[in-house]
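> Before I ask anything, here is the structure I am working with.
The values are calculated or read from the model by the stated rules, or taken from the named source; none is laboratory data. Note that this is a predicted model, so its numbers are computed, not measured. Positions of Cβ are generated from backbone atoms using ideal geometry, with glycine treated the same way; all protein chains shown enter the neighbour counts.
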């Protein structure tokens with residue numbers, strides 16, 4: 001059981017769960033009192049996203065058996081603790097179950113774009129595991145786009161229809177849309193940075209399968225500079241956002257202490273990083289920055 005939980009990356013699934021819960025109950029509900037997404041439908045939405053995400057992790061590990069033996073030998077579960085046939089069975093079970101629930105939600109809430117996102121997620125996750133991860137930046141971009149889907153799904157269904165329309169509600173609606181876009185971009189750019197870092201970590205295993213990731217084609221140092229450039233873009237975004245919350249002391253303090261300063265420290269370490277353990281530390285630090293970024297949604301409930 002423990003091995004299976006690790007296979008489906010239960011910690012990452014908890015992060016997805018947290019993101020979706022905060023998006024609805026902290027972010028969206030702070031702008032709009034009444035939305036179309038009921039609590040029951042929201043539970044189904046969470047279940048569908050977690051099932052498809054878990055399926056994506058399973059199929060990724062199925063295709064990564066040989067590379068994982070080199071990059072993370074202590075985390076190889078398929079063909080060691082879980083038969084490959086059972087892994088495939090669980091992949092199809094999880095993925096099709098998630099798709100079925102997503103189909104129901106899309107029909108019920110008249111949101112065709114939601115169904116398209118479900119199909120796109122499944123296809124991209126499979127292509128990533130089979131092909132895209134071996135290509136420079138394509139795999140990184142695919143995962144970075146997918147990571148924004150939970151936020152976008154919650155907001156798109158919630159805002160598909162909303163009640164009590166008046167001028168103030170419309171203002172709140174557009175403010176919420178802009179805020180959701182900011183969080184989506186934050187999730188995208190932080191994930192892109194972390195994915196490049198992970199590729200640098202996994203060079204040895206990727207070489208065995210003749211992958212053409214960014215660090216393999218251009219070297220670890222140049223790849224780290226690409227990650228540094230992306231970090232500069234994120235830093236620039238945060239500095240711009242700080243101008244809009246200059247009068248909101250607590251939000252500004254939170255952003256500086258828990259996001260901006262850790263990002264600057266991350267960039268300092270990234271500029272000097274050379275060994276695999278350096279990049280492993282950077283990967284964990286970026287994950288922490290991502291967590292604090294998502295948790296900042298809570299601040300909207302106290303503004």
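> Out of all the residues in the stretch 154-188, which are in contact with a helix residue (DSSP H, G or I) (Cβ under 8 Å, 6 or more places away or on another chain) and modelled with pLDDT of 90 or more?
154, 179, 180, 182, 183, 184, 185, 186, 187, 188
> For the stretch 45-66, does any single residue satisfy the condition of being free of Cβ contacts under 8 Å to residues at least 40 places away in the same chain and under 24 Å from residue 81 (Cβ atoms)?
Yes, because at least one residue in the stretch 45-66 is free of Cβ contacts under 8 Å to residues at least 40 places away in the same chain and under 24 Å from residue 81 (Cβ atoms).
> Within the stretch 231-250, work out how many residues are without any contact (Cβ under 8 Å) to a residue 24 or more places away in the chain, exposed (fewer than 14 other Cβ atoms within 10 Å of the Cβ) and either in contact with a helix residue (DSSP H, G or I) (Cβ under 8 Å, 6 or more places away or on another chain) or under 25 Å from residue 195 (Cα atoms) (or both).
4
> Cβ-Cβ under 6 Å, sequence separation 6+ or interchain: first residue in the stretch 86-102 and under 13 Å from residue 59 (Cβ atoms), partner modelled with pLDDT under 95 and buried (at least 20 other Cβ atoms within 10 Å of the Cβ). Which pairs?
Pairs that qualify, where the first residue is under 13 Å from residue 59 (Cβ atoms) and the partner is modelled with pLDDT under 95 and buried (at least 20 other Cβ atoms within 10 Å of the Cβ), are 87/58; 87/78; 90/58; 91/58; 91/59.
> Sticking with this one: Restricting attention to the stretch 145-160, does a residue exist that is exposed (fewer than 14 other Cβ atoms within 10 Å of the Cβ), in contact (Cβ under 8 Å) with a residue 12 or more places away in the chain and farther than 21 Å from residue 17 by Cβ?
Checked the stretch 145-160: no residue is exposed (fewer than 14 other Cβ atoms within 10 Å of the Cβ), in contact (Cβ under 8 Å) with a residue 12 or more places away in the chain and farther than 21 Å from residue 17 by Cβ.
> Just one of (1) under 24 Å from the mean Cα position of the chain (by Cα); (2) within 22 Å of residue 63 (Cβ to Cβ) trips up residue 217, so point out which.
Every listed condition holds for residue 217 apart from (1).
> Within the stretch 62-98, which residues are within 12 Å of residue 9 (Cβ to Cβ) and in contact with a helix residue (DSSP H, G or I) (Cβ under 6 Å, 6 or more places away or on another chain)?
If the condition is that a residue be within 12 Å of residue 9 (Cβ to Cβ) and in contact with a helix residue (DSSP H, G or I) (Cβ under 6 Å, 6 or more places away or on another chain), then 77 is the only one that fits.
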